[in-house]
Amino acid sequence: MTKFFLTLHVLAAILAVGPVTVAASMFPAALRRAQADPRDAAAIASLRLLQRICSVYAFVGVAVPVTGFVTAGSLGVLGSAWLIASIVLTMAAAVVLIVLVLPRQEAALDAVTGGDGGGADGDTHGQLAEGTGVVAVGERTSSQLAMYTGVFNLLWATVTVLMIVRPGSTTGA
């Protein structure tokens, strides 16, 4: 059964996290194109698609830690340091995606489309509530998104390495 759970976990990671990392990485460049010419229908359509991919697959990505916990339980490694580090890094990646990337993508899409970005929350109109202030979408938004996406991707790459190398593991590699 362990091999079945591990297969589900790996497939969930590939099919859920992979599209988010690629689409989120492509979003800043698509945003710059859309900001350069807000009447470019293809640029706007690309932006909408990339934002939608990130939002939907972020939700689907919940399957990765769920199947991961089931797999770790069946392997008997729930207390292993490499797994705990992976869990912490996965939570950090989720926070970066949910708090820093997705809201900025939606706000940027709303700003470029005049509030008709097709997102679930159409009342942001290019502004993002952040703590006590409001951050308007501007020229630096694509750079910020690129940075936050890079952090997200680096966290997932680190988790992937930990899952493969499993430092200190006694279950064999």
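Look at region 97-107 and say how many of its residues are open to solvent by less than 20 Å² (accessible area, probe 1.4 Å) and either farther than 30 Å from residue 45 by Cβ or of a type in the set (A, V, I, L, M) (or both). It would help to see each step written out before you state the result.
So in region 97-107, the residues open to solvent by less than 20 Å² (accessible area, probe 1.4 Å) come out as 97, 101, 104-105, 107.
Narrowing the set further to residues that are either farther than 30 Å from residue 45 by Cβ or of a type in the set (A, V, I, L, M) (or both) leaves 97, 101, 107.
Number satisfying all stated conditions: 3.
I need the full set of residues from region 1-53 which are within 20 Å of the chain's Cα centre (by Cα) and among the charged types (D, E, K, R), in order please.
If the condition is that a residue be within 20 Å of the chain's Cα centre (by Cα) and among the charged types (D, E, K, R), then 32, 48, 52 are the ones that fit.
Would you be able to tell me the number of residues in region 67-93 that are open to solvent by 40 Å² or more (accessible area, probe 1.4 Å) and either without any contact (Cβ under 8 Å) to a residue 12 or more places away in the chain or among the acidic types (Asp, Glu) (or both)?
Residues meeting the conditions: 7.
Of all residues in region 72-113, which are small (Gly, Ala, Ser) and under 30 Å from residue 143 (Cα atoms)?
Applying the first criterion (small (Gly, Ala, Ser)) to region 72-113 yields 72-74, 76, 79-81, 85-86, 92-94, 107-108, 111.
The answer is 85, 86, 92, 93, 94, 107, 108, 111.
Let me spell it out: the conditions are (1) in a helix (DSSP H, G or I); (2) open to solvent by 70 Å² or more (accessible area, probe 1.4 Å); (3) not aliphatic (A, V, I, L, M), and residue 39 meets all of them except one. Which number is the exception?
(1)
For residues that are hydrophobic (A, V, I, L, M, F, W, C), open to solvent by 40 Å² or more (accessible area, probe 1.4 Å) and at pLDDT 95 or above, tally how many sit in region 52-65.
Residues in region 52-65 being hydrophobic (A, V, I, L, M, F, W, C), open to solvent by 40 Å² or more (accessible area, probe 1.4 Å) and at pLDDT 95 or above: 2 in total.
The values are calculated or read from the model by the stated rules, or taken from the named source; none is laboratory data. Here the structure is a predicted model, which means the values were calculated and not measured. Here Cβ is always computed from backbone atoms with ideal geometry, including for glycine, and neighbour counts include all displayed protein chains. The accessibility values were calculated without ligands, DNA or RNA, using every heavy atom of the protein model including side chains. Shrake-Rupley method; radii C 1.70, N 1.55, O 1.52, S 1.80 Å.
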